[in-house]
1. Within the bounds of region 176-198, is there any residue that is outside any helix (DSSP H, G or I) and at positive phi?
2. Given the options GLU64, GLU93, name the one that is surrounded by 15 or more Cβ atoms within 10 Å (Cβ to Cβ), among the acidic types (Asp, Glu) and on the phi < 0 side of the Ramachandran plot.
3. So which pairs qualify, if the first residue must be in region 137-150 and surrounded by 19 or more Cβ atoms within 10 Å (Cβ to Cβ), the second must be of a type in the set (Lys, Arg), the Cβ gap must be under 8 Å, and the two must be at least 6 apart or on different chains?
4. Tally up the residues in region 2-13 that are part of a loop (DSSP other than H, G, I, E, B) and on the phi > 0 side of the Ramachandran plot, please.
5. What helices (runs of 4 or more DSSP H) completely inside region 14-112 contain at least 3 residues that are under 19 Å from ALA153 (Cα atoms) and in contact with a strand residue (DSSP E or B) (Cβ under 9 Å, 6 or more places away or on another chain)?
6. Within region 70-79, can one find any residue that is over 15 Å from GLY14 (Cβ atoms) and in contact with a His (Cβ under 8 Å, 6 or more places away or on another chain)?
7. Does VAL28 meet the test of being closer than 24 Å to ARG239 by Cα and at pLDDT 95 or above?
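The values are calculated or read from the model by the stated rules, or taken from the named source; none is laboratory data. Keep in mind that what you see is a predicted model, and the values were worked out from it rather than measured. Here the Cβ positions follow ideal geometry from the backbone for every residue, glycine too, while neighbour counts run over all protein chains shown.
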Amino acid sequence: MQTWFITGASGGLGSCITRRLLDRGDRVAATVRKPGVLDDLQAQYGSQLWQAHVDLTNSQQIVEVVERAFLELGTIDVFVNNAAYGLYGAVEEASDRQIEHQFMTNVLGSLRAARAALPFFRKQGGGHIVQISSMAGHYSIPGMGLYCSSKWAVEGAFEALAKEVAPFNIKTTLVEPGGIRTNFLTSNAVFGERMDEYRVTEAGRFVSLMKGELPGIDMSMFNQMVIGDPDKMAQQIIRRVDQGEGPIRMALGSDAYEQIRAALLDRLAALEAQKELAYSTDSDDVVKQI
């Protein structure tokens, strides 16, 4: 039996991971935004489920809940940062407050939670951090720039963190799902204040799609267009943790594979085309690094 700590455990991918773990007999420390949403699971699984309310924009609350979970449960083997949401619209359309909240939740919330767990992982001799990122951490498109940028920040921070904590027997996995059939794209979405100038652009059309405003496409049809099965993804995440070893990045969904591959190939091609330019700016008297 293992003990898992999961943020954003009440919906979507987090809920699927939580239910699978409880079904197989593991303990889960689950954090939620709204108290009471896991009461049905609490009644079914009793002491297997430990739960707490957490606002990921509240740094003190994050640290207190993580510390309390370790102290009350003794050992936590796996720490899953799952809580996040999407802010959609052209970059100009979002307010400063919306942008700050997006990064406070998706980036700083994840970092604060993981950082709070690290001293306990070192003390107990190891652990495994699972950071739910996104295929959007590899590219950016009009209408999703702010959400994508939050995931780029997550990717950069946790790639470094993975290398920093590896000497302490702490593993890190960056999970990069494609689209998932959950309420993430609908009920959890936040939109900037729409501007007429962008309505007919690619960014505006994307927002109209996300809001269910495109003629002939309702939200039910939109959901059918989403590829990823959250329960299958949960199964693969748990399997990766059980295996213990694997690449730092884990793409889930055929769309994730195709989009990430295309983005990397495009960037590599652009880089290769600039090789001569890059080398031409080296200092003439540079000392080669040993």
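1. In the first step, residues of region 176-198 are kept if they are outside any helix (DSSP H, G or I); the result is 176-182, 186-195.
Those left that are additionally at positive phi: none.
Checked region 176-198: no residue is outside any helix (DSSP H, G or I) and at positive phi.
2. Values: GLU64 fails: surrounded by 15 or more Cβ atoms within 10 Å (Cβ to Cβ).
Going through GLU64, GLU93 in turn, the sole match is GLU93.
3. GLY137/LYS151; GLY143/ARG205
4. First, the residues of region 2-13 that are part of a loop (DSSP other than H, G, I, E, B): 2, 7-11.
Cutting the leftovers down to on the phi > 0 side of the Ramachandran plot gives us 8.
The number of residues fulfilling the criteria is 1.
5. Values: elements: 39-45, 59-73, 96-103.
Result: 96-103.
6. Taking region 70-79 as the starting set, the residues that turn out to be over 15 Å from GLY14 (Cβ atoms) are 70-77.
With in contact with a His (Cβ under 8 Å, 6 or more places away or on another chain) added as a condition, the list becomes 77.
Yes, the conditions are met somewhere in region 70-79.
7. Numbers: closer than 24 Å to ARG239 by Cα: yes; at pLDDT 95 or above: yes.
Answer is yes for this residue.
For every residue, the table says whether it meets (1) crowded, with 18+ Cβ neighbours inside 10 Å; (2) modelled with pLDDT of 95 or more; (3) of a type outside the set (Ser, Thr, Tyr); (4) part of a strand (DSSP E or B).
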position	(1), (2), (3), (4)
VAL154	yes, yes, yes, no
GLU159	no, yes, yes, no
VAL165	yes, yes, yes, no
GLY216	no, no, yes, no
ALA234	yes, yes, yes, no
VAL241	yes, yes, yes, no
GLY246	no, no, yes, no
MET250	yes, yes, yes, yes
